[in-house]
Structures are given as structure tokens and as C-alpha cells.
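Beneath this line is the structure, given in C-alpha cells, with notes to follow.
The values are calculated or read from the model by the stated rules, or taken from the named source; none is laboratory data. Since the model is a prediction, treat every value here as computed from it, not as a measurement. We place every Cβ from the backbone using ideal geometry, glycine too, and count neighbours over all the protein chains shown. When the accessible area is computed, the model is the full protein with side chains, heavy atoms only, and any ligands, DNA or RNA have been set aside. Shrake-Rupley method; radii C 1.70, N 1.55, O 1.52, S 1.80 Å.
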Amino acid sequence: MESTDARKSILESIRKHRPESSDIPAIPDFESPMSNIVFGFGEVAAANGSKVVHIDDPDQLQEVIKANFPDIGPVYSLVDQIPSTFQLREGAAPVDHQGIDLAILHAELGVAENGAVWVSTESMNPRILPFICEHLVVLLEKSSIRSNMHEAYKEINLKNIGFGVFIAGPSKTADIEQSLVIGAQGARSHTICLL
Amino acid sequence: MGSQKSINHAAAADKFIANESRTDWHNASVSYLRKKRDVGAALVPEWETLRSLASGIKNNVLGNLDQYLEQFEKNAQANGVQVHWAVDAESHNRIVTSILERHKVKLLVKSKSMLTEECHLNPHLEARGIEVVDTDLGERIIQMRDEGPSHIVAPAIHIKKEEVGELFHDQLQSEAGATDPQYLTEVARQHLREKFLNCDAALTGVNFAVAETGGVVVCTNEGNADMGAHMVPLQIHCMGIEKIIPRQQDLGVFLRLLARSATGQPITIYSSHHQKPKEGGEMHIVIVDNGRSKHLGRDTFRNALKCIRCGACMNSCPVYRRSGGYSYGYTVPGPIGSILTPGFNLEKYKELPFASTLCGACSAVCPTKINIDEQLYKWRQKVYEEDYLDKTKETGLSVAGNVLSSAKKYKRASALMRWALKWMPRFMTHNRFNAWAKKRELPEVPGESFRDWYRKNRK
Amino acid sequence: MSHQSIRVALFVPCYVDQFYPQVGKAALQLLEKCGCTVDYPDEQTCCGQPLANSGMEQAAKPIYHHFVETFGSYDYIVVPSASCAYHVSHHYDVIEQTEVVKKVRESIYDITAFLTDVLHIESLGARFPHKVGIHQSCHGLRGLQLARSTEQMIDPYSKWEHLLHMVSDLELVQLERPDECCGFGGTFAVAEEAVSAKMGKDRVRDHLNSGAEFITSGDMSCLMHMEGLIRRNKWPIQVKHLVEILNTDG
Ligand code: SF4
């Protein structure tokens, strides 16, 4: 079989050509330059084009949605406090999620240095959800914010999940003359409710 | 390996620069990326430490690549992923085709992948009746124009919004004369959404493949890779063998560096970690060599394999910014392209190591600390050794070499030796092609050289 | 400022010798002012960089040996060119590393670094009542690390500025792009004529826009290239090597 032969010949070629091994460096802990990582997270997230809303109670989610999305269409929610209004047929395929106006889900982690949130198949299904919706709202507990990516990866075990993604704002592009445009292929807006 | 005709960078650059205002515009847009990188990197106090870590991790990878690939394969298979190996571009294309044909794929959506550009996958698939749609906006624009990328991060950076407007008007029936990027992006969104909803398979490139977890990481700002990969059961990820990193924790180092180096963003909007196929789906990873393992054997040049394709070296390159990506005649242009290509085909790309002033901005900016300018210098020596140097250049300078190694000849005051004496400093300024004097005055020759003055006044 | 004990050999690059003898003289006088005993070995020719940068390192090796022979007996070799100093220290690794070769590679100094790091000059007695822009030559900047480049995320420093700050009435201008290459690049200047000239033009324009009357640099080759453009286009700006400014009378 082509691939099996190729595997052998590639690995052989690498063994023939590889340099002597060097030690892999240990990655140290880095102190955050932020005095308050929750505040810092909010600032960076906002700079990325995310909307950050502070709430004290998950029950306030309703109000936040109402206030920020007054004319919202079909909602798909993975959060208890908000009911889904988007109708899905039994055994729906990912394409069937086209038409979701607002998706609401739990974020597992936040990263202060870059304003990203981590969502994975542990808390989200289907995988297409945060991308296919027009607007995305994530609920993030302040205690889940880590200072930087190193700290975030300490909390993640990729081996346990099918898919996971850091989302750092609304979908964007600058491919036309470097002009920043929000809402390229994925969600047009990204709201983080900080609990 | 394509045509043997060698790339003439200088001639292509000459043509590019002939339109000076456009050159200035190109220089400014590419410089803008670099400026944003400086701002983004400055916010990270441990930036230089991260670069050293990235470089060290990649060095370790190069020395253990075979083991990491095997470990990666084992873990990926345990995750339910099908792993394929391709020695070269043709076998990569064959493997992808056979997967697609098995699934009777008619429409493939593809996110940015320099590897599939390198392998010329699109024409291969199109010839077999499979429609391929590049879904990154920049990539889609150049695909519609039937061009290759001119930059590895911003593939359409050489195109003006007016041109995009015309293109979309012609092919996507957008309003005539539209130039607003917001509007044009919306047009593309609707067009591409249609493709996503109707595709049969998705293919992405790979930014990092983690040996420890068997998964791949794909970074985009638009979300196009995810819109494809999660939409349909069949997802394919194609990667060069050098994309491996050992540990999950190494992602922390590289994701902190990648986007900041590329555009100054603290991280791309989406950093997607694909570990296992979705329920009822198939996930394939194609591992491609295509000359990389051979390059690993070149002591002086193997470091080029540490590249994470951030584009910072081209954004920093004063030559790239003024000559455009196409002047390099290869998918990966700029400084990194100029040290990779001679390894593929020295005859064809022998000019590229000379398309540089050796200013070193590339090496200084590179997040994995590739010694690009030193490699350019070393490739020049290779070009000479392999006898590809322009013969006239060689003869002229070799004469100078003999003259200069002998002080006697250099000093003798006879008419002939006076010429020799003056020749070396003038080899650039007063050569017979007179390229110097096209836009510059020649330096004036004063009555007395320093040496003459010193002899007269100080001896 | 007494460095009487320091004996240095002055290396005057071939193109400086032929086109810019005043730079050689200024370097010599400046070193003497700083108390050095300066020798100008008459056997000297060139460091071989023009050949090597063109890919002809092999042909340049006899030049390297000649250079080592000429300068091998000195404690310090000082050259008013960062580019030549860089070449000798970094690219003479291809000839056999005898003791004397190693010594030459270690004892060659660009004059800027020699003044700041060896002589630790703190005052000069120079005066230059003009607006001056520094052209940070790439080999000086990134090769010899004479200043921090904009790529590096470390605390800023500049040995060039340090010296120019000692010149009275001299005003340093702020450039839009403090470390863009001028496009000289040796053979690049003719092999890639279009890009080279365009880079030079952009570089000079930045200085012009900043209001500079003079462009100064530790590398005369960059200045030669820019001067060629300046004279052709009759731009209202001049070039001066750093040592010419440092050597002015107060
Ligand atoms: S060589 Fe370095 S700077 Fe250039 S694209 Fe690769 S990683 Fe980025």
C-alpha cells in the first residue's frame, strides 16, 4: 500500500538525516503583567471586538440577552437559564443548524492575556455551533480565568476531548486591503457574560 | 519540480517597481502588519524568552522527528483518526483524491493551507471533476482571479479593493463599482455560506500537530476552517512532517508567538484543536514529506524547517515589500522562501539568495529564531560552488580576489595597477553594465587616496 | 582620555581609501585624540566581503589570510565600517581557526564599539550645529548589535546615539522608520538595481521628511549609495560618516 511504503521511507529518510538530539526546554511559569487578570481579560477581550458583560447571577442572563439582542431570532441555548427556540428535527445534521441567530454556551476557561475563551466537546455539541450561529454568547465564570496560555493549558486535557477551541472574538478578516471587517465566516458578534 | 527556467527576481522586481505608487502602497500595507506585530509583541514581557523556547523546542523536534511522528500517529489512531503518509506532492494528491472519491465528493471546501498550494492540489482535483473552493477570503479572491498567494498569511495583500469589487461584480453579481470592504466581505460571506452548506468534505492545513495528544491545531480569524470541518462527516487535515511539536504544553509557547508575529493579534480568533472524528464522521490526517526529510540532512540549512509560517520575515523584508510575493516564483515568498527554494531546486531558484541585502531583519523578527540571513549568505556560497553563478560576475570578481590577496599588486603604481587598485572599490559602482549609474551618481574619485595621503604625511 | 598604552591598527576599507579618504583621516585623528597610538599597516587591502557576499567565499580565502597576516600582531584592529568588522568577526570562520585567526576575529572593532566599549569615551569636545539623522547600518545594528533594532523586545540602547549625544549643538531627528535598510547590500546594489535604488530613495526621503540636514552612519558604503541618489536628485541633504562628526572641533 502506498501509504505504508511511504511511512517507512519517510521515517528512514528522517533517521538518516536528522541532527543530534537536543534537550527539550522546560517551560517556566510567567508572571502576568496584569494587576488584575479579570479586569485585564475584559480589556483585551473588548479590544478583540468582544462584548463583555458582568453579571452577579446566572438568572441575569435573560436580561442581558433581552437588552443586547432585542430582536433576536431563533436561539439555541446550552445554558439552563435560557430556553432554546430553534427547532431541530430528530437526528439533525450540522447543516440543519443553519438559521440559528443566537447560540449560548458555557465557556470552560478564559485567558487574560488574549481575551480568549475555551469551549470544547465537553460542554458543547454539535461542534459547528459557535461558528454557524449569527451571534454567540458565552457564560464564563471569573474564577475560570487564567493569566496566560501556559496556565490555561494546565487545565486542559486534549486527550479527553473530541474537539476544543479558543475563541477570541467575533469572526473577522482583514483580507481586503488590511481593513478590519467583523463577521467574516463565523459569528458576527461575540458576547462574554462574566459571572 | 516544474520548469527548470530560473526565476529572475531582479527582473520581476523591476517590473513591480515600475508602478511606484503601487509599490509604495504595497510596502505600506505589508509594513502595517509588521508595525502591529511590534505593538503586540511589546505587550509580552517574556517575548524574547518565548522565542528562545520556541527555537529550543523546534530544535528538539528536528533531532527526534521520527519518534515524534510515530508517537503522533499512534495517538491519532487511538483517537480514531486515519493517518496517511505521502512522500511527495503527487502521492499527497493521490491520497486526498482517493479519500474524496471513496466518499463521492463533488464539492470540497478548503481552508488556507500552504502545503496544498505547494502540492498544487486544486488543479489535480479539478481535473478529476471535484470542485474545490478556498474559503479564506483572501484565498478565495486569488482563486477567483486564478492566481497563487503572494503572502503566506495575507494571500491577497497585493490586490486593491477596487479590484476585489470588480471581481465580485463579475463573478458574484455584487453591485458594480463597490469598494467597501465591509460590503465586499458580506458578499463573500453569503457566497461562501452557500458553499459550506453544500459541501461534501472539508480540508484544512495544520499549524501544529501534537505528538503527545495525536491532535492537530488549526488557527484562523474567519472561522472558515471550522465552518468546513464541522459541517460534514468527512474532514481531512494535511500537514508537512515539520509541523510536529512534542507536548500539549508546547502549544502555549507557539500560540502566544504565532498570531502576534503575524498580525500583532494576541491570538487568532479561532484556535481549533481537532482530536477525534465527530460522531459518525471520519477524520484523516495526511503527513507529507515532499523534500523535507532531505532538507533535514543539510546541516547549514535544516533550521528552515523550524518555520511556523507566521509571515513576519516577509513583513520585515525591505525587498519583499518592494518586489511583491510573485517575484519569488514560489508559494512561500520572501526571506523564508529564499532559503527553502534552493533546497528544492538550486538551478531554478539560484537567484533568490541574492534577492536580499542581508539586512537581517528577518532573523531578528523570526519567532523561532531561524538564522535566515546567514542561510542566505551560505546559499550564495553553494550557488557558486555548484557553478551556477553568472560567469561574468565570477570572472570580474575573481580578478579582484587575486589582486587583493597580494598587497604588492594592489599597491603598484603603474597604470595597470592603478586600475586594479581602483577596481575593487568600484566593482559595484563602475561596472560595465552601469546599473549603479541608472539612478545614482558615481562616487567621485578624490585626487588622493587615504593611503597616498598617509604615506606623504605620516610616514 | 589617556589611552596611550593602547596600540591600534587602523583598517581603512578599500572603498573608503579610494573614494572617501577624509573618513580615514577623521578616524585616524579621532583615535589619536582619544589617546591611542595608531598604526596604518601599509600591506592592507580589503576584508574580502564583496567577494564573499557574492558567493565567492572560496576565492576570498586568500584575502582572509592576507588580512590575518597584516593585522595579526595588533591588540586592536579598528575600522570605520561596521560591515567590514562584522565580516571579519563572523565570516572568517571558514578558514582554519589558528590562534592568530581567532585573535584577529576577536580584536577587530567597528570604531563605534571601540570608542564606547574599549575606550569608554564619555566626552569628545566636538561640535556640529546641525540636524542629523542616524542611518543605522544593518551590519552595525543587527550584526554587531550596536543598537537595539525594532524587532527586539528588549530595552532600547544605541552606541551611535551615545556618541552623538556628546557632540555639542547637534540635534538628532526622529525618523519614521529608524532601522529600515538603505538597500545598498554590496552587489545587491547593481544585481537588484531597481529595488536597491527604491530602498535608497525611501530611506533618504524619511531623513528629508524629518528635517535632517545630514545623514550619518558608521558605514560609508550605505552613505555612498544614498549620496549617489542625493546628488542625482539634487536633494537638500548631505551625508557624513560618524567619525567626521565626532572628529569636529568644539
Ligand atoms: S521564517 Fe520565521 S518569521 Fe518567517 S514565516 Fe517562518 S517562522 Fe515566521
For segment A:121-160, which residues satisfy the criterion of being open to solvent by 10 Å² or more (accessible area, probe 1.4 Å) and part of a loop (DSSP other than H, G, I, E, B)? A:121, A:122, A:123, A:125, A:126, A:127, A:134, A:141, A:147, A:156, A:157
Could you tell me which of the residues B:432, B:426, B:440, B:455 is open to solvent by less than 30 Å² (accessible area, probe 1.4 Å) and either closer than 30 Å to residue B:11 by Cβ or at pLDDT 55 or above (or both)? B:440
Going by the structure shown, is residue B:300 among the hydroxyl-bearing types (Ser, Thr, Tyr), over 30 Å from residue A:176 (Cα atoms), open to solvent by 10 Å² or more (accessible area, probe 1.4 Å) and within 16 Å of the ligand (Cβ to nearest atom)? yes
Out of contact with any Asp or Glu (no Cβ under 6 Å at 6 or more places or on another chain), more than 23 Å from residue A:175 (Cα to Cα), at pLDDT 95 or above and among the basic types (Lys, Arg): does that describe residue B:34? no
Does at least one position in segment B:373-385 carry a residue that is within 12 Å of the ligand (Cβ to nearest atom) and either open to solvent by 10 Å² or more (accessible area, probe 1.4 Å) or at pLDDT below 95 (or both)? yes
Among the residues in segment B:349-364, are any within 13 Å of the ligand (Cβ to nearest atom) and among the basic types (Lys, Arg)? no
From the set of residues in segment A:12-70 that are assigned to a helix (DSSP H, G or I) and aromatic (Phe, Trp, Tyr), which is nearest to the other protein chains (Cβ to nearest Cβ)? A:41
Filtering segment C:172-191 down to residues that are out of contact with any Gly (no Cβ under 8 Å at 6 or more places or on another chain) and within 12 Å of chain B (Cβ to nearest Cβ) yields C:176, C:177, C:178, C:179, C:180, C:181, C:185, C:186, C:187, C:188, C:190, C:191
Filter result (touching a helix residue (DSSP H, G or I) at 6+ places or on another chain (Cβ under 7 Å) and more than 16 Å from the ligand (Cβ to nearest atom)) within segment B:275-295: B:275, B:284, B:285, B:286, B:287, B:288, B:289, B:290, B:291, B:293, B:294
Matching residues in segment C:115-157 (buried (at least 24 other Cβ atoms within 10 Å of the Cβ), assigned to a helix (DSSP H, G or I) and not small (Gly, Ala, Ser)) number 5
Flag if residue B:343 is touching a helix residue (DSSP H, G or I) at 6+ places or on another chain (Cβ under 9 Å), within 12 Å of the ligand (Cβ to nearest atom) and more than 9 Å from chain C (Cβ to nearest Cβ): no
Could you check residue B:49 against (1) part of a helix (DSSP H, G or I); (2) β-branched (Val, Ile, Thr); (3) more than 21 Å from residue B:261 (Cα to Cα) and say which number it fails? (3)
Report the residue count in segment C:174-191 for those that are more than 23 Å from residue C:23 (Cβ to Cβ) and part of a helix (DSSP H, G or I). 1
Say we look at segment B:325-340 and pick out the residues that are among the polar types (S, T, N, Q) and within 14 Å of the ligand (Cβ to nearest atom); which of these is surrounded by the fewest Cβ atoms within 10 Å (Cβ to Cβ)? B:331
Of all residues making up segment B:98-117, the number that are open to solvent by 10 Å² or more (accessible area, probe 1.4 Å) and part of a helix (DSSP H, G or I): 6
Within segment A:58-97, the residues that are over 22 Å from the mean Cα position of the chain (by Cα) and charged (D, E, K, R) are A:59, A:63, A:66, A:71, A:89, A:90
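Which residue, of B:263, B:204, is of a type in the set (Val, Ile, Thr) and at the interface with chain A (Cβ under 8 Å from one of its Cβ atoms)?
Of the residues listed, the single one that is of a type in the set (Val, Ile, Thr) and at the interface with chain A (Cβ under 8 Å from one of its Cβ atoms) is B:263.
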Inter-residue pairs, beta-carbon under 7 Å, first near the ligand (Cβ under 6 Å from one of its atoms) and in segment B:306-324, second of a type in the set (Ser, Thr, Tyr), 6+ apart: B:307/B:368; B:308/B:368; B:310/B:261; B:312/B:261
Looking only at segment C:202-224, filter to residues that are more than 8 Å from every other protein chain (Cβ to nearest Cβ) and over 19 Å from the mean Cα position of the chain (by Cα); which one of those is nearest to residue B:440 (Cα to Cα)? C:205
Being among the polar types (S, T, N, Q) and under 29 Å from residue B:17 (Cβ atoms) is true for just one of C:149, C:158. Which residue is that? C:149
So residue B:228 clears everything in (1) more than 30 Å from residue B:41 (Cβ to Cβ); (2) in a loop (DSSP other than H, G, I, E, B) except one condition, right? Which one? (2)
Helices (runs of 4 or more DSSP H) contained in segment C:1-76 and holding at least 1 residues aromatic (Phe, Trp, Tyr) and touching a strand residue (DSSP E or B) at 6+ places or on another chain (Cβ under 6 Å): C:57-71
All-but-one check, residue C:194 against (1) within 11 Å of chain B (Cβ to nearest Cβ); (2) not in a helix (DSSP H, G or I), failing number (2)
By residue number, the members of segment B:118-139 that are in contact with a helix residue (DSSP H, G or I) (Cβ under 6 Å, 6 or more places away or on another chain), part of a helix (DSSP H, G or I) and closer than 16 Å to residue B:167 by Cβ are B:137
Tally time: how many residues in segment A:169-183 are of a type in the set (Gly, Ala, Ser) and at pLDDT 95 or above? 2
Would you pick out the residues in segment B:15-29 that are surrounded by fewer than 17 Cβ atoms within 10 Å (Cβ to Cβ) and in a helix (DSSP H, G or I)? B:15, B:18, B:20, B:21, B:22, B:24, B:25, B:28
